[in-house]
Amino acid sequence: MSEEKNTSDIDPKDVSIGTEALSGGIARIALLGIGFLGSILFARILGATGFGAFYLLVTLENVVDRPIIGFAESVQKRLSESESEPRQYYGAFLITFAVFAVFISVVAIVGRDIINGYVQREDAFLLFIALFLALSAQEAFSAVFAATGRLGIIHWIDALRSFITIPTQVLLVLVGYGVVGMTVGLAGASLVTPLILVYLLGLQPTIPDIAVFRSLFEYAKYSVPNSITSFGYDRIALLILGFYLTPAAVGYFEAALKLTVPALAIGMMASGVLMPKISNLSSRNEDFSQELRDVMSYSSVFAIPTLFGAIVVSHKLMITIYGGEFRPAAKFLIGVAFYRLLTTRTKPLVSTLRGIDLPKLDLFGTILSTTVLLVVGIPALNRFGAMGMLGGVVAAAASRYVLNAWFVRREVGPVPHAPRPFIAQVVGGIIMLITLEIAKRLFVLAPWYRVFLLVGFGAVVYFVVVFAISPHVRGTVVRIGGDFIEEKLGITLV
């Protein structure tokens, strides 16, 4: 196999993690803002039952597409290595994706009664197929493009997708199409992503030889089962809640998840850039410990204020945003915020293990932590209801962090659990919590806009404190801001 790369884009070695994280973070914040406003409208119009039914369909799709996403991650890994045959690997991906898409569509048609009964809708299997074809293509092609290390581009395209999705869904829901309108809007807009990424990738696929498939499956035998077991404890919890309880319970849980998504804005972005970067450096036998430390320093920069803010205003915030029908969802918010924090601490460790070609260790950790979720969550669900399942989610996330930290320490070296910037963020979060608690006692949180003023005030306090007490944070902001202006905006700074 001596084929040379025909694109200079697949080389993540010199990609700046900070710059890509900032670029993608800005896009993700824009995306979150649009999606958040849409979710408020949909929850209020559809109610907890309709809202929950739609997210049951999305969650079911998230489960079924895991094998092809895991395979796409193996393609990403091979493309990101310093020596690879990109056109053949790309061809292997396209062939595998097409076969898998046909297979799942046929299975959904044959098993339509099961799908319809689970979601409690007669058209559920058709909506599921539409979501599967669109969302699996969007996520799989994004995973392949991530081999370039340019995750900022992916998130800007995803922001564009949301700009198309939300207005389309709003229009269709307002004219009375309900869950069908939400499905059509999401599926239609999601097809934009793979089309743009195919163009930007610029690869002409060729027929792969057996050695290419063998190389991909050597990695995929771990990445596929790992993708199946680690697609999100929150998604597994939603599936179990839908089976044991009602779509309304799913709607409450999903509302708490939606409110805490901003916690992931920087952490997920930086961790996504970290994997191909470590893969490339590792294939060259170069050190990557500083890259891991940098990501561990800032992966939780939004998760910490999300958790401390939820402790103070969870009840008032949930009712103000989603309405009185979602009052039961407020009790989930603090636990879900803590789960988000654990996720931001774990993702850089997962990226490290995958980057050094040890997905089997991550697979072992996810299987064990998923077992924790089931062993703890289901009995707790039977005893304490949906809150018991949330306890299982937190326990599983904590066990995965501990296991992956141990694996990284054994294979790479010491894990930077609490670098100084992270400690500064925790201090900022504590000061923010105290400030918000005092403000809440001094002022009546009515009318509704006072709740948002309080949240905004808390965010300002947090970031001012962190910036003031941490020289590392100040230096990082200046450096990344300068790089972003020069690289992304094309403005040369003197």
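If you average the sequence gap of Cα pairs under 8 Å that are 6 or more apart and divide by the length of the chain, what percent do you get for the contact order?
20
Longest span of the chain, sites excluded, free of chymotrypsin sites (Phe, Trp or Tyr not before Pro) in DSSP loop with at most 15 other C-beta atoms within 10 Å? List each step's numbers first, then the result.
Values: sites that count: TYR177, PHE443, TRP448.
In the chain, the maximal stretch lacking such sites is 178-442.
Can you tell me the dipole magnitude for the chain around its Cα centre, using point charges on the Cβ only (Lys, Arg +1; Asp, Glu -1), in Debye to the nearest 20?
Dipole magnitude for the chain comes out near 1580 debye.
Can you pull the semi-axes for the chain, root of five times each eigenvalue of the Cα gyration tensor, sorted largest first, whole Å?
For the chain, the ellipsoid semi-axes come out as 33, 30, 22 Å.
Scan the chain and report its longest stretch carrying no GluC sites (Glu not before Pro) that are both in a DSSP loop and have at most 15 other Cβ atoms within 10 Å.
287-494
Quick one: if you stick a label point 7 Å off each Cα along the C-beta vector at ASP209 and GLU437, how many nm between them?
6.7
Relative contact order, percent, of the stretch 233-313 when contacts are C-alpha pairs under 8 Å separated by at least 6 residues? Mind showing how you got there, number by number?
Details: 46 pairs, mean separation 26.9, N = 81.
Answer for the stretch 233-313 is 33 percent.
Based only on Cα atoms, what Rg/Rh ratio does the stretch 233-338 have, Rh being taken as Kirkwood's radius?
1.14
Of SER162, ILE434, ALA395, whose Cα points farthest to the positive end of the dipole of the chain (charges on the beta-carbon: +1 Lys, Arg; -1 Asp, Glu; origin at the Cα centre)?
It is ILE434.
Hey, fewest Cβ within 10 Å first, where do SER282, SER300 land in order?
On the way: SER282 20, SER300 28.
Ordered from fewest to most neighbouring Cβ atoms within 10 Å, SER282, SER300 come out as SER282, SER300.
What do the square roots of 5 times the Cα gyration tensor eigenvalues come to for the stretch 423-474, in whole Å, largest first, as semi-axes of the equivalent ellipsoid?
25, 10, 6
Using 29 Å as the Cα-Cα cut-off, could you pick out the over-long pairs in LYS258/LYS347; LYS77/LYS331; LYS277/LYS331; LYS221/LYS277; LYS277/LYS360?
Pairs exceeding the cut-off: LYS77/LYS331; LYS277/LYS331.
Under the classification rounded if a/c is under 1.5, otherwise prolate if a/b is larger than b/c and oblate if not, where does the stretch 73-190 fall, given a ≥ b ≥ c as square roots of the Cα gyration tensor eigenvalues?
It is oblate, given that a/c is not under 1.5 and a/b is not larger than b/c.
Express the Stokes-Einstein translational diffusion coefficient of the stretch 294-433 in µm² s⁻¹, to the nearest whole number, given a Kirkwood radius over alpha-carbon pairs, 4 °C and a viscosity of 1.567 mPa s.
79
How would SER190, SER136 line up from fewest to most surrounding beta-carbon atoms within 10 angstrom?
Ordered by Cβ neighbours within 10 Å, fewest first: SER190, SER136.
Pick out, from VAL372, TYR55, ILE266, the residue whose Cα sits farthest towards the positive end of the charge dipole of the stretch 12-417, with +1 on the Cβ of Lys and Arg and -1 on the Cβ of Asp and Glu.
Most positive-ward Cα: VAL372.
Readers should treat all values here as calculations from the given coordinates under stated rules, not as data from a laboratory. From a predicted model like this one, the values you see are computed outputs, not experimental measurements. Cβ coordinates were reconstructed from backbone atoms using ideal geometry, including for glycine residues, and neighbour counts include every protein chain displayed.
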